[in-house]
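A.B. asks: First, the structure itself, so that you have it in front of you.
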Amino acid sequence: MPRKKASHAKAQTKPRAQKKGLAAKRAPAKRGPTKARTTASPRATRKTHPRDAVLLELRAFGLAYPEAHTKSPWPGHLDLAVRDKTFAYLSLEGEPLRVSCKLPESAMAALTLPHVKPAAYGLGKSGWVAGAFPDDEIPPVEMLKSWIDESYRAQAPKKLSAMIGGDAVSASGKGARKSRSRPSRREPGNRSTRLPGT
């Protein structure tokens with residue numbers, strides 16, 4: 001009796017061993033060619049806009065001021081600041097041109113222009129104006145540069161503003177006051193003398 005049980009147990013284990021051998025002999029399934037995954041960078045996916053050249057020109061103009069730098073307090077903005085104090089809110093590339101500046105002297109004149117209104121979030125009460133310019137019109141680049149100039153002088157420390165010289169230009173481009181030049185000191189030995197009869 002014990003021998004029959006052993007032979008019966010061996011007979012049951014043979015099919016399992018045969019199945020394992022067949023599974024090992026099977027060739028792996030062929031896979032098709034895999035496509036390489038490419039991730040596009042944010043700059044590559046960003047769309048271009050006809051006014052991007054104007055935006056880059058204004059940003060470069062503002063960055064030329066002493067200690068000016070870019071600042072991005074929230075998405076959708078790459079603003080201009082001096083010592084972390086914003087003096088111009090600018091839109092991003094690929095978007096319609098939007099500019100917001102602080103104009104303590106020419107805000108009233110700027111608000112009479114089309115597409116210009118007081119800045120949101122209560123900034124209009126402090127002299128901030130916002131301009132949103134349509135795509136079918138050529139933006140007034142020189143006027144916007146005068147905005148940036150006036151806003152920088154209003155936000156920058158006095159020592160930095162003194163490094164530029166001159167006064168802020170109004171929104172219309174007129175009314176710039178001439179800077180007063182100090183008379184040069186004459187040395188004691190260089191005093192001019194008038195001859196009689198001249």
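The values are calculated or read from the model by the stated rules, or taken from the named source; none is laboratory data. Keep in mind it's a predicted model, so treat the numbers as computed, not measured. Glycine gets a Cβ as well: all are built from the backbone with ideal geometry, and neighbour counts include every protein chain shown.
A.B. asks: Kindly indicate whether residue 161 is outside any helix (DSSP H, G or I), touching a helix residue (DSSP H, G or I) at 6+ places or on another chain (Cβ under 9 Å) and at pLDDT below 95.
C.D. replies: The answer is no for residue 161.
A.B. asks: Could you grab me the full set of residues in segment 119-134 that are buried (at least 18 other Cβ atoms within 10 Å of the Cβ) and hydrophobic (A, V, I, L, M, F, W, C)?
C.D. replies: Passing the criteria: 119, 128, 129, 130, 133.
A.B. asks: I would also like to ask the following. Given the criterion closer than 19 Å to residue 54 by Cβ, without any contact (Cβ under 8 Å) to a residue 60 or more places away in the chain, more than 22 Å from the chain's Cα centre (by Cα) and exposed (fewer than 15 other Cβ atoms within 10 Å of the Cβ), identify the matching residue among 137, 142.
C.D. replies: None of the others qualify; the one that does is 137.
A.B. asks: Given the criteria of a type outside the set (Lys, Arg) and under 15 Å from residue 139 (Cβ atoms), does residue 92 qualify?
C.D. replies: no
A.B. asks: Can you work out which of the residues in segment 66-83 that are charged (D, E, K, R) and in contact with a strand residue (DSSP E or B) (Cβ under 7 Å, 6 or more places away or on another chain) is farthest from residue 56 (Cα to Cα)?
C.D. replies: The residue in question is 67.
A.B. asks: Pick from 85, 71, 102: which is among the charged types (D, E, K, R), crowded, with 20+ Cβ neighbours inside 10 Å and under 27 Å from residue 157 (Cβ atoms)?
C.D. replies: Just a single option satisfies the conditions, and that option is 102.
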